[in-house]
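One structure is given below, encoded as structure tokens.
The values are calculated or read from the model by the stated rules, or taken from the named source; none is laboratory data. These numbers come from a predicted model, not from an experiment. When we count neighbours, we look across all protein chains shown, and the Cβ atoms used for this are built from the backbone with ideal geometry, even at glycine. For the accessible areas, the whole protein counts, side chains as well, though only heavy atoms, and no ligand, DNA or RNA atoms are used. Shrake-Rupley method; radii C 1.70, N 1.55, O 1.52, S 1.80 Å.
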Amino acid sequence: MVRSVERRLTWLLGSSAFSNLGDGIGKVAFPLLAATVTRDPVLIAGLSAAQFLPWLLFALVAGALLDRVDRRTAIVLANTARAVVVGAVAMLVYLDAVSIWLVYAAALLIGAAETVADSAANVLIPAVVHQGGLAKANSKLQATEIVGQTFLGGPVGSVTFAVFAALPFLLNSVAFALGAALLVALAGSYRPRGPAQPESSLRADLAEGLRWLRSNPLLLRLVLVAGLLSMLTELAQAQLVLYALEDLRLSPAAFGLFAFVGGIGGLIGAAVASRLLDRMGRRAVLTGGIVVCGLAFGGMGFTSEPALSASLFGLFAAAVVTVNVLLATARHTLVPGELLGRVLGAWRTVVWGSLPVGALLGGVLTDALGSPSATFAVSGGLLLALAAGTFATVRFR
């Protein structure tokens, strides 16, 4: 039985590794592509908003659908769709037929498929591991995301973009295709199991999930904290490419290596998260993690030294990953399995839907203050205020 659980988790993590590698390549290559078209901070922020806007629009519906369909199949179809869209982008880049609006359109389509793929991977975790292994499984999923997106995907995206602009998008497409293919090997059925109920409408399913969420004050507070954390961090992160290229004077190839250091920090956070939760408790880890995020971004706002700035970004990544492990484990512990897709959809509507808002505010702020560094400083101060509010209002039972 233990080996069966380990095999299922291995297939899921393997698929997630390729999918996140594709995400990582795209999250560096798309901003670099946008920066070749425009250096307007508001338009650059618009790309980040376009990438995350589907979470605001579709996450709730995607979560409800995932409580009706086989979640493995949903990931396969979503990754296949992403592979097709990014392959089309590679062709357009090769033909030199790219505009900022085409970049936005591709980001929206990829983001729409991502709402299904990422949510399904998250809600699959309780189906492939035992209750006692949730924290470790979530740490492994976070580590897989970090390795793919920043530790490998970031450098691959930036270096290959510098060599040949269409190449990272081609590699991105291949990675998504492999993520879809690998999950076909995951044995079993992954339709949600719950008490037998008459067929209900999608609206009724959504209403049931929202009613359950409203009845749990702790989870509601965690949703609010996570949403504000996402918005305030994206305020600065959406300006990261301009911060690196203009304030730190890094080359496009070095931009990926800058993110590489963030990947190292994220891996450290994933490795220590479950131990910190055991030793320090959930409230201390949550508020302490937000404090570290604020100090790291504040420090980045007041330095122009690339090595120090990258180290601070790594510290931020370690802290935010630790917080994410805590939040994911709390969801899996508190939410019944048959409602998990809908509650996660509501969660991500708020949390991921906050990202385009933060991105656009960050672009406007950088335009007004005249420097991405100033936006990082403001983000850091606001995160410290959020940490104080979280400490005062969140109590774990």
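Assign one of three labels to segment 42-186, namely rounded, prolate or oblate, based on the Cα gyration tensor with a ≥ b ≥ c the square roots of its eigenvalues; rounded applies when a/c is under 1.5, prolate when it is not and a/b is larger than b/c, and oblate otherwise. It is prolate, given that a/c is not under 1.5 and a/b is the larger ratio.
Within the shell of other residues whose beta carbon sits under 14 angstrom from the beta carbon of Ala177, the net charge comes to 0, with Lys and Arg scored +1 and Asp and Glu -1.
Taken one residue at a time, the phi angles of segment 220-225 give Karplus couplings (6.51, -1.76, 1.60, θ = phi - 60°) of 4, 5, 5, 4, 5, 4 Hz. Gly and Pro are set to x. Phi-derived couplings, Karplus 6.51 cos²θ - 1.76 cosθ + 1.60 at θ = phi - 60°, listed residue by residue for segment 26-34: x, 6, 9, 5, 5, x, 5, 5, 4 Hz, with x used for Gly and Pro. The apolar share of the surface of segment 254-364, taken as the fraction of accessible area on carbon and sulfur atoms (1.4 Å probe, ligands and nucleic acids excluded), comes to 70 percent.
The Rg/Rh ratio for segment 243-397 is 1.00, where Rg is the radius of gyration of the alpha carbons and Rh is the Kirkwood radius. Summarising the amide proton neighbourhood of Arg39: residues at separation of 5 or more, or on other chains, whose placed amide H is nearer than 5 Å comprise an empty set.
Each principal axis of the Cα cloud of the chain was evaluated for its coordinate range; sorted largest first, these ranges are 58, 50, 39 Å.
Among Leu235, Leu369, Leu386, which one moves the most in a GNM of the chain with springs linking Cα atoms closer than 10 Å? Highest fluctuation among the options: Leu369.
Measuring nothing but how far apart in sequence close Cα pairs (under 8 Å, 6+ apart) lie, relative to its length, segment 256-397 scores a relative contact order of 38 percent. Computed from backbone phi, the HN-Hα couplings of segment 157-167 come to x, 6, 5, 5, 5, 5, 7, 7, 4, 7, 4 Hz, rounded to whole numbers (Karplus: 6.51 cos²θ - 1.76 cosθ + 1.60, θ = phi - 60°; Gly and Pro given as x).
When Rg and Dmax are taken over the Cα atoms of segment 171-329, they come to 20.2, 62 Å. Run a plain Debye calculation on segment 1-79 (Cα atoms as equal point scatterers, no solvent) and give log10 I(q)/I(0) at q = 0.24, 0.25 Å⁻¹, rounded to two decimals, same order as the q list. Computed log10 I(q)/I(0) values: -1.16, -1.18. Considering only alpha-carbon pairs that sit under 8 angstrom and 6 or more positions apart, the relative contact order computed for the chain is 30 percent. Seen from Leu152, the other residues with C-beta closer than 13 Å to its C-beta sum to a net charge of -1, counting Lys and Arg as +1 and Asp and Glu as -1. What the chain shows is 40 Å² of accessible area per residue, with the surface traced by a 1.4 Å probe over protein heavy atoms. With contacts taken as Cα pairs under 8 Å at a separation of at least 6 residues, segment 45-149 carries a relative contact order of 42 percent. Rounded, prolate or oblate: which fits segment 326-397, taking a ≥ b ≥ c as square roots of the Cα gyration tensor eigenvalues, rounded meaning a/c under 1.5, else prolate when a/b beats b/c? The shape class here is oblate.
Cα gyration tensor of segment 245-318, axes a ≥ b ≥ c as square roots of the eigenvalues: rounded (a/c below 1.5), prolate (a/b > b/c) or oblate? Taking the square roots of the gyration eigenvalues as a ≥ b ≥ c, segment 245-318 is oblate. One Cα centroid belongs to segment 238-263, the other to segment 318-353; the line between them spans 29 Å.
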